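*Asks:* Starting off with a structure, shown below.
The values are calculated or read from the model by the stated rules, or taken from the named source; none is laboratory data. Note that the structure is a prediction, hence the values are computed from the model and not measured. For neighbour counting, all protein chains shown are included, and Cβ atoms are generated from backbone atoms with ideal geometry for every residue, glycine included.
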Amino acid sequence: MKSEGAARRITWVLRCVLSLLLIGSTSCSSPGPAIRLDTTNPSRTFIEVTGLPQADLTALSKANLSPDEWSALLRVTLRSSASPLTSEGPGMAGRYSVEDSLRFWPSFPFDAGREYEVRFDPSRLSRVSLSARATAATVSIPGSGRSPSTAVSAVYPTSDVMPENLLRMYVQFSAPMGQQGGRGHIMFFDDSGREVPDVVVPLDTDLWNAERTRYTVILDPGRVKREILPNRDMGRALHDGNGITIVVKRDWPDAHGLPLTTEYRRRYRIGAAEDRALSTMEWHVTPPAAGSRDAVTVTFPKPLDYGLLQRSLSVGRGSASMRGEVRIAAGETGWQFVPESEWQRGPYILTVQPILEDVAGNRIGRAFEVLSRGDAVPAESAVPVLVPFIVR
Amino acid sequence: MPLTYRNGLLAAVFVAAVASTPARPVAAPPPDVGPAPESLGALTFGSNGVLFAADTQAATIYALELGDQATGAKAGAADVPGIDQKIASLLGTTPDAVSVKDLVIHPVSHNAYLSVMRGTGADAKPALLRVDGDGKIALVALDRVKYSKVTLPNPPATEGARNQRADVITDMAFTNGKLVVAGLSNEEFASKLRAIPYPFAAADPGTSVEIFHGNHGRLETRSPVYTFIPYTIDNKPHIIASYLCTPLVRFSLDSLKGSKVVGTTIAELGNRNRPLDMILYMKDGKEFLLMSNNSRGVMKIPTESFATAAPITEPVKSETAGVPYEKITSMTGIEQMDLLDAQRSIVLARTTSGLNLAAVPLP
């Protein structure tokens, strides 16, 4: 970078010499400061004021300016039609450096597709006197030119029927989403087309997976739980025998700030409340054949939570856990495991973690809501449940 | 040096002995400099001006030593009308791309610190801002800040499955040498309340317990605590908390030693409601809890009966029940709130023209 600046100065000196020799001109004034945006390294873009006299650069490098003084000298603001460059509001935060030019390194990258006003004005410095004249420019990084490409790829549960005490849904997207949560983007409608309000608990935080491709919707537990105020006041949001349609609106911005490709709609029938504990005794394990790499299949009498199903079940032989691939059946009523290696003849263990829940929050041996009589509530198990099966 | 059989055996015995020893808080390692959180959410000040900041996306809590960035500015926090515009200007973007996540007051300087996310897409970045007594907004340079951190343990995925589980931290408070952390999981409905000793010990993720909602003495469910405030009853540390299902509950911090805590419901505060922030303050010799809510405005609740309030054991038929409260109609659109000084709270209030930071007299 230093050599670039030196080269520019040499070029300017050469131009002056040439103009003196060839044209006979005696006026060789400085080209004056110029503002440019350097995007050579996209993750370290900066704004540069070039063409400053060496004396000014020296004075600036020795001046030990405060952040406010730097910002007064070289001010960068987002250009906005609503609030054009004014003295109102702070300039963009960043750091300043002086080498062969004056540079502004923004604390946050410039937004693509937006214009930034840059004003260099030595007259706003009271402590340091510079000879360079003021100048201003508008800089920008081009927008991405992308078009919408993200869609809702699934909503869980995937079964056609959901219990009226449903506690949780997952909205899966085909690509990472932006910072906004589901508030205002997820709506519920009854079969007559009327919006069903207050279905979802109003959080001021959002529940995403790490990739921001899956969003968790928690239905208001105050309405789901029996005998507490919201439930008594408003009843449950879902009613056995009715239908409900979840709508994911197209305007939910993805990671690029673009809307979804299309609105998502899905109708469910609402069934009776599911208030029984899970019992592995009701599960059916279909063992694979020895010597094969067929899946072991576990079927459940009711849909289980899609998210928890992914990580609550595992297969082992002796104390060793097996490597393989997990598949969840449509409707979340089945779980399959395809091992990397062939099944051996003999006993295997399906290990079920106690965190596993159905779609209404019921766990193994303990329903979501239990009748308590003093201390007689059964303690939650922290121990996995082991389900043996034999491969023949 | 080649390991002899005898040395190997001794080493194995030593490892086994270490492994069986429960993790204890140990002397904290020297702090690093320049935290790089993926996100910033809940904030709370601890003793000695340490600022705890939750990186919700990484389920990590940073303890920040602000150093000279906690001093030097004019004390207090002045009103800043249109603070969202000014923050956007400072961060070089538009107000709709700025989201203020939390607001806390420094216990000594009374400057306001705000956690902010800048951007709406995958490239969104966190920012920590300070507002001083002149109403000046400054970006805290995190690269000069000393820090230590603790990451909440995430259960490993089952072999062959992708782990999509994540925790978000909804509230934190420092009390009795421990950082108490409430969070929500994107998978299990039950959540854990953790009490993490500070200084953070690398090997100690804190103790966690599952919190239950004793529902009118009859029904009981696992339930996440969403927001809470430390509260002392009979010289013993307690928590006054709001579950995700709205009731106001009380339980002893000492009870967090077990694996299960059932909170005592002392008030039900109505439906379509989610408490956002709580502060405790004194007025005319009486103590009050001020609670902002997402839809039911601000509530002023005398705390005199918190210790003795009978548990709500019968289903409630009225709009609210238990400890009474007064609705503060003069405070509207409150999104964040903290105690500024003995007479005033500082609030972030949403109006039709934007977001205002304002000091308001305690009601």
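*Asks:* Among the residues of the range A:26-34, is any at pLDDT 90 or above and on the phi < 0 side of the Ramachandran plot?
*Replies:* Yes, because at least one residue in the range A:26-34 is at pLDDT 90 or above and on the phi < 0 side of the Ramachandran plot.
*Asks:* Given B:Ile239, B:Ile233, B:Ile229, B:Ile196, which one is surrounded by fewer than 18 Cβ atoms within 10 Å (Cβ to Cβ) and away from every other protein chain (no Cβ under 14 Å)?
*Replies:* After applying the criteria, what remains is B:Ile233.
*Asks:* Yes or no: the range B:124-138 includes at least one residue that is at pLDDT below 95, of a type in the set (A, V, I, L, M) and in contact with a Pro (Cβ under 7 Å, 6 or more places away or on another chain).
*Replies:* No; the residues of the range B:124-138 include none that is at pLDDT below 95, of a type in the set (A, V, I, L, M) and in contact with a Pro (Cβ under 7 Å, 6 or more places away or on another chain).
*Asks:* Anything in the range B:281-338 that is modelled with pLDDT under 75, aliphatic (A, V, I, L, M) and not in a strand (DSSP E or B)? List them, or say none.
*Replies:* Result: B:Ala310, B:Ile312, B:Val316.
*Asks:* Oh, and also: Just checking, which of A:Ser381, A:Ser314, A:Ser319 is over 26 Å from B:Ser185 (Cβ atoms), of a type in the set (S, T, N, Q) and at pLDDT below 95?
*Replies:* A:Ser319 is the lone residue from the list that is over 26 Å from B:Ser185 (Cβ atoms), of a type in the set (S, T, N, Q) and at pLDDT below 95.
*Asks:* Can we say A:Val139 is in contact (Cβ under 8 Å) with a residue 40 or more places away in the chain and part of a loop (DSSP other than H, G, I, E, B)?
*Replies:* Here the answer is no, as A:Val139 does not meet what is asked.
*Asks:* Which residues, taken from the range A:39-66, are surrounded by 16 or more Cβ atoms within 10 Å (Cβ to Cβ) and either of a type outside the set (A, V, I, L, M, F, W, C) or over 14 Å from A:Arg95 (Cβ atoms) (or both)?
*Replies:* A:Thr45, A:Glu48, A:Val49, A:Thr50, A:Gly51, A:Leu52, A:Asp56, A:Leu57, A:Ala59, A:Ala63
*Asks:* How many residues are aliphatic (A, V, I, L, M), at pLDDT below 90 and in a strand (DSSP E or B) if we restrict to the range B:177-205?
*Replies:* 3
*Asks:* Here's another thing I want to ask about it. Out of all the residues in the range A:148-165, is one or more without any contact (Cβ under 8 Å) to a residue 12 or more places away in the chain and under 34 Å from the mean Cα position of the chain (by Cα)?
*Replies:* The answer is no; no qualifying residue exists.
*Asks:* What's the total number of residues in the range B:56-110 that are among the β-branched types (Val, Ile, Thr), touching a residue at least 60 places away in the same chain (Cβ under 8 Å) and closer than 21 Å to B:Ala342 by Cα?
*Replies:* Residues in the range B:56-110 being among the β-branched types (Val, Ile, Thr), touching a residue at least 60 places away in the same chain (Cβ under 8 Å) and closer than 21 Å to B:Ala342 by Cα: 3 in total.
*Asks:* Okay, moving on. Only one of A:Arg223, A:Arg236, A:Arg232, A:Arg212 is at the interface with chain B (Cβ under 10 Å from one of its Cβ atoms), over 25 Å from the mean Cα position of the chain (by Cα) and either buried (at least 18 other Cβ atoms within 10 Å of the Cβ) or in a loop (DSSP other than H, G, I, E, B) (or both). Can you tell me which?
*Replies:* A:Arg223
*Asks:* Grab the strands (runs of 3 or more DSSP E) fully contained in the range A:41-131, keeping just those with 3 or more residues being β-branched (Val, Ile, Thr) and farther than 28 Å from B:Asp134 by Cα.
*Replies:* A:46-50
*Asks:* With the condition kept exactly as written, say whether any residue in the range B:67-79 is hydrophobic (A, V, I, L, M, F, W, C) and under 25 Å from B:Ser353 (Cα atoms).
*Replies:* So far as the range B:67-79 goes, yes, one or more of its residues are hydrophobic (A, V, I, L, M, F, W, C) and under 25 Å from B:Ser353 (Cα atoms).
*Asks:* From A:Ile141, A:Ile218, grab the single residue that is buried (at least 17 other Cβ atoms within 10 Å of the Cβ) and under 30 Å from A:Ser66 (Cβ atoms).
*Replies:* The conditions single out A:Ile141.
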